[in-house]
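So the structure is just underneath, and the comments pick up after that.
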Amino acid sequence: MLLNIKELNKTFGDLHVLKDINLSVGKNEFVAILGPSGSGKSTLFQLIGGNQTPNQGEILLNGESINGKTGFISYMPQQSSLFPWRTVLENVVLAAELNGKPDYEEAKLWLEKVGLAEFANSYPIELSGGMKQRVSFIRALLSKQNLLCLDEPFSALDEFTRLKMQKWLLSVWEENRKSILFITHSIEEALFLADRIYILSKRPAQVKAEIKVPFSRPRDESLLETNEFFLLKQQIFQFIREELSE
Amino acid sequence: MRKVWIRGGKSVLFLLFLFILWEALVRITETPMWLLPAPSDVIKEAVIGFDTFSVHILSTVYLAILGLVIGCSVGLLIAIILYRLPKVNELLYPLLILSQNIPTIVLAPLLIIWFGFGMMPKLMIISLVCFFPIVVASMDGFRQTAPELKHYMQMVGASRNQIFWKLEFPHSLPSIFSGLKIAATYSVMGAVISEWLGAKKGVGVYMTLAQSSFRIDRVFVAIFFVMLLSIVLFGMIRAIEKVVVKGRNEGA
């Protein structure tokens, strides 16, 4: 296991946000965390990223505790968060730049692979929303950390772009299988992308269920219309409905 | 770019109209020259008296630019120190504001008493009027860094130093440039004031001499020059801004 989270608890004052969270991410595994808004998903990332310290529990990366330590993950936020004064190429190497000299050749190679080569010297203001997220993802890929944390990366995009981006993400990931921890509030997105899904309850967030996604890879959008996909979606929806009714 | 020309053209035309109005009013009311000269008289004096005036120009330009550079460097340095060290900020920020409440006109003679008639007290006066807009604008710029960008930097484990130099500083460049533009116009004023109070050369000297001999046309020559210099400095900073600040929406 690359990432192991044990009995994680976090409170802010009287507010109990995370309660006894146990989860793990294996090597080359794509894990999604599914939960309602305000369930503390982002707090979980803050803890993994080391910007907050847990009240209890432990976060182990390769068996070593990284509680409150920064710099061990690469990260892709909800908004692309590209620096407006940097060109696409300069943006892409930003995360790598923080830990030494970045490899511009590798960066150019990746931009070419994902069809952004002609935008290497453009500024983010000239890019569409989907393209910005691609750049943001490549930036995360190019940093040397092994665990990629994606925080609802496509939730700000429109439906058409989102599906395109999900397929794009899978295709890139097939080529570079870093471990991914993916936060989302879309059941379909989680099922389409992940190997395993953790469903979080509402506050205080607990792991309500862990679901293994049986679909083989590489996946394409025809999967979205199969019966198995639909059944699994329903099953997950049951869990979520319980959260709503309580 | 064309829009800029059209907008600039309009204000130039309006200015021209005001001059014509002024010229006409002076002629109609037959105002004596020692009270208010017509624009044509001012231009005449500027051309005829250029030889006597030109010696003063250079020293004022030099003084204003040097003072601006020193004031802005000091201002930026102070802003960075205050922002990075909040404890120092608490201690010094009120003092900085107070320093701006000392009237320059009072301070200048004191500085001349202490430091003589050389460059030193003049540069101090100019720096003193220039640094404050830079400090305020830079500090505001640093503070207004986009929170989502800062959050990103924290998540990927950037150090405080990296956050400042890679994010907060470049992010605040547009603010810093607004401060610079204000400082640039102040610097010319500062230079003239410092020259009033004791100098051998300079537009300030020329102005006081003209004033005491009721050569109002010469006073206006000096005034127009000061305005021109301010605009040129402003334009230079705007040009540098265009080169340095990239990838943002066009600001005014």
Legend entry - Residue in the stretch B:199-229 that is farthest from B:Ile182 (Cα to Cα), counting only those that are assigned to a helix (DSSP H, G or I) and open to solvent by 70 Å² or more (accessible area, probe 1.4 Å): B:Ser212
Inset, instruction - Report whether or not B:Phe164 is of a type outside the set (S, T, N, Q), surrounded by fewer than 23 Cβ atoms within 10 Å (Cβ to Cβ) and more than 30 Å from A:Cys149 (Cα to Cα). - result: no
Legend entry - the stretch A:103-160, residues that are hydroxyl-bearing (Ser, Thr, Tyr) and open to solvent by 20 Å² or more (accessible area, probe 1.4 Å): A:Tyr104, A:Tyr123, A:Ser128, A:Ser155
Legend entry - the stretch A:52-64, subset under 19 Å from A:Ile180 (Cα atoms) and of a type outside the set (Asp, Glu), residue surrounded by the most Cβ atoms within 10 Å (Cβ to Cβ): A:Ile59
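The values are calculated or read from the model by the stated rules, or taken from the named source; none is laboratory data. Since we're looking at a predicted model, the values are computed, not measured. Every residue, glycine as well, gets a Cβ built from its backbone with ideal geometry; the counts of neighbours run over all protein chains shown. Calculation scope for accessible area: heavy atoms of the full protein, side chains included, ligands and nucleic acids excluded. Shrake-Rupley method; radii C 1.70, N 1.55, O 1.52, S 1.80 Å.
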